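The values are calculated or read from the model by the stated rules, or taken from the named source; none is laboratory data. Nothing here was measured: the structure is a model prediction, and the numbers come from that model. All Cβ positions, even for glycine, are placed from backbone atoms using ideal geometry, and neighbour counts span all protein chains on display. Heavy atoms of the whole protein, side chains included, go into the accessibility calculation; ligands, DNA and RNA do not. Shrake-Rupley method; radii C 1.70, N 1.55, O 1.52, S 1.80 Å.
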Amino acid sequence: MNRSACCAPFAVVLVALSGPVSADVLQFTGSAQSREGETLYEERHQVDGACENGVFRPIEHRVAYMRQAEGSSETFAEKTLDYSASAIRPTVNYRQSDFDESLKITYPASGSVAIAWQQPEGATKRSSTEISNKLVVDAGFDNLIRQHWDNIVSGESVKFRFLAPTRGTDYAFILEPAESADVKADHVVQIRPDSLLLKFLVDPIVLGYNEKGALTAYAGLTNVRENADQNYTAIIRYAVSNYPECKLTP
């Protein structure tokens, strides 16, 4: 199995931001580096949401992917996610202009998910699949972790299924405590395949979170294409510039 096809959507994902920040906004920036320490690109995230019963509920998430070019930053990819219907199954609209690639994930009917992937060579692949139990889509994994925060801090594991949109299907994964030389954080977890076969084909994604429940680090395969054949594998370190007034976790 192509590793980027299975796990690329983990990457965490969404526009250069300006203007005043409201109380119900989470803003953070990520710097992606290779394992050799080379800076690859930067992510600028803004998550607009609402404070409900003292807990932040995400509604719309926007990401700009930027890199340095001729002394200035340029946006080479963008993503938007809409969590209005589900915090773990957002609609997704991603475009990476330097490869003329795009990915759209929508829910045209109850119980199904539709995928339209414009591949780097220009052909569009369309597929659909049923929404299985505990299905997580794209950056919905971040909200899954917050929903199970008590399990995380207690060192327990959580099973779920993750959509591999370029494959048009989903796979079983496990979220569990981890130790990592690349990720140092208040809480370190990994996401790995539940299948014995996939364990040999797909490396775990390692994530770091602070005590507030904010993502601080990511190590593994990203959703950003490096070339026509594969996506970047990177270590991304995040810094939060604005927290909502309410808590991120229950």
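Odds and ends about this structure:
- Qualifying positions in the stretch 128-147 - in contact with a strand residue (DSSP E or B) (Cβ under 6 Å, 6 or more places away or on another chain), open to solvent by less than 40 Å² (accessible area, probe 1.4 Å) and more than 14 Å from Val92 (Cβ to Cβ): Thr129, Ser132, Leu144
- Residue within the stretch 45-56 that is more than 18 Å from Leu26 (Cβ to Cβ), under 18 Å from the mean Cα position of the chain (by Cα) and open to solvent by less than 50 Å² (accessible area, probe 1.4 Å) present: no
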